[in-house]
Amino acid sequence: MQLRGVEVSKAKLCDDLPTHMLHGQRKPLSLTIEKEFAQNSERVKSVDQHPTEPWILVSLYSGTVCIWNYQSQTMEKSFKVTESPVRSAKFIACENWIVTASDDKYIRVYNYDTVEKIKEYEAHTDFIRSVAVHPTLPYLLSCSDDKVIKLWDWEKDWSCTQIFEGQSHYVMQVAFNPKDTNTFASASLDGTIKIWNIGSPTAEFTLDGHSKGVNCIDYFSRGDKPYLLSGSDDFTAKVWDIETKSCVQTLEGHEHNVTAVCVHAELPIIITVSEDGNIHIWNATTFRLENKLSYGLERVWTIGQLKGSNKVAFGFDKGTIVVKMNGSHTWDSVDLQA
């Protein structure tokens, strides 16, 4: 199906928007969005794309993990990890592994070719909400309802090499900064986002602006300037200037908790999803809502998108969708440094 830009909602301005984010194309983006893969299932808690294979890793609330091939429309692997929800699962493609984190407090590592269990260990004292794989080093970050973030080194037999404390409620997600991989961000139900350095157990600074808990985060950069995107139980997403430590934009339009956010790696769009069942696609330069998608699979919980790919995966209460997005503009074609 082809969906053209529509003005459905306005983006509310927090502070004065930096001028370099106002220049560039102002017309509605022309987006073509085609559904490539759809699979009904129990509630999906995470999706992740493989960097070279046409695979989507899906973890389910039921405790099962699946790898789907979206080209052949077939299941490559499916196995039961635990009786508890698997809230986060990621490919570690350089090792042919997948790593899972679940409500039973365990992290488990599997070879995705043989489904052999490589490692299993109790990582936290409460539900594990999210894991993040370092882009170049043998590190895994995990975060939990125990309010603690931990750094694991798989070259040291998955030993915990650093503990980070400071969030006062459940830590819902962690994300490495792709431009400065010694730093990462955390989102918490205490309503804040904290920025950390791998070498320090305490946060460098805190971003505070949401009126309720923060569920999700994603780094992005325009030119050399770093930004962070966040989504919250206050039904909004916010864009943060990391250098000035300020909110530069609030995206309003969802009617329930925002559960996942993503800045597309190739197209100048922001994607937000919510328990309202809707996918919102925003122009990342004007912050106008361009498209609103609904697939009738109830609540949306997660987004999976990969640099270099035009595929985006979404996980719902009732299944997984993969869409192909093509646009009239790319980041390279948008002059943000005018």
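Structure notes:
Residue-wise test of (1) farther than 22 Å from Ser30 by Cβ; (2) of a type in the set (Gly, Ala, Ser); (3) modelled with pLDDT of 95 or more; (4) within 17 Å of the chain's Cα centre (by Cα).
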{"residue": "Asp234", "(1), (2), (3), (4)": "yes, no, yes, no"}
{"residue": "Gly253", "(1), (2), (3), (4)": "no, yes, yes, no"}
{"residue": "His264", "(1), (2), (3), (4)": "no, no, no, yes"}
{"residue": "Ser274", "(1), (2), (3), (4)": "yes, yes, yes, yes"}
{"residue": "Thr286", "(1), (2), (3), (4)": "no, no, no, no"}
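- Checking each residue in the stretch 221-233 for being farther than 16 Å from Tyr170 by Cα and surrounded by fewer than 20 Cβ atoms within 10 Å (Cβ to Cβ) picks out Ser221, Arg222, Gly223, Asp224, Lys225, Pro226.
- Meets criteria (polar (S, T, N, Q), surrounded by 20 or more Cβ atoms within 10 Å (Cβ to Cβ) and either in contact (Cβ under 8 Å) with a residue 40 or more places away in the chain or not in a strand (DSSP E or B) (or both)) for Thr302: yes
- Qualifying residue in the stretch 139-151 (condition: farther than 20 Å from Ile217 by Cβ and open to solvent by less than 30 Å² (accessible area, probe 1.4 Å)): no
- Residues in the stretch 234-243 that are open to solvent by 10 Å² or more (accessible area, probe 1.4 Å) and either hydrophobic (A, V, I, L, M, F, W, C) or assigned to a strand (DSSP E or B) (or both): Phe235, Lys238, Ile242.
- Boolean, Thr206 is part of a strand (DSSP E or B) and open to solvent by 30 Å² or more (accessible area, probe 1.4 Å): yes
- Only a single item in (1) of a type outside the set (Phe, Trp, Tyr); (2) outside any strand (DSSP E or B); (3) open to solvent by less than 60 Å² (accessible area, probe 1.4 Å) is not met by Val58, and it is number (2).
- Test set (1) part of a loop (DSSP other than H, G, I, E, B); (2) at pLDDT below 95; (3) open to solvent by 40 Å² or more (accessible area, probe 1.4 Å) - Lys35 fails condition number: (1)
- Of the strands (runs of 3 or more DSSP E) lying entirely inside the stretch 244-299, those carrying at least 1 residues that are surrounded by fewer than 19 Cβ atoms within 10 Å (Cβ to Cβ) and of a type outside the set (D, E, K, R) are 246-251.
- Qualifying residue in the stretch 74-86 (condition: farther than 16 Å from His134 by Cα, polar (S, T, N, Q), part of a loop (DSSP other than H, G, I, E, B) and open to solvent by less than 60 Å² (accessible area, probe 1.4 Å)): yes
- Residue in the stretch 180-190 that is closer than 30 Å to Gly327 by Cβ, surrounded by fewer than 20 Cβ atoms within 10 Å (Cβ to Cβ), of a type in the set (S, T, N, Q) and in contact with a Leu (Cβ under 9 Å, 6 or more places away or on another chain) present: yes
The values are calculated or read from the model by the stated rules, or taken from the named source; none is laboratory data. Quick caveat: nothing in here was measured; it's all calculated off a predicted structure. As a convention, Cβ positions derive from the backbone with ideal geometry for all residues, glycine included, and neighbour counts pool all protein chains shown. We work out accessible area using only protein heavy atoms, side chains counted, and drop any ligands, DNA or RNA first. Shrake-Rupley method; radii C 1.70, N 1.55, O 1.52, S 1.80 Å.
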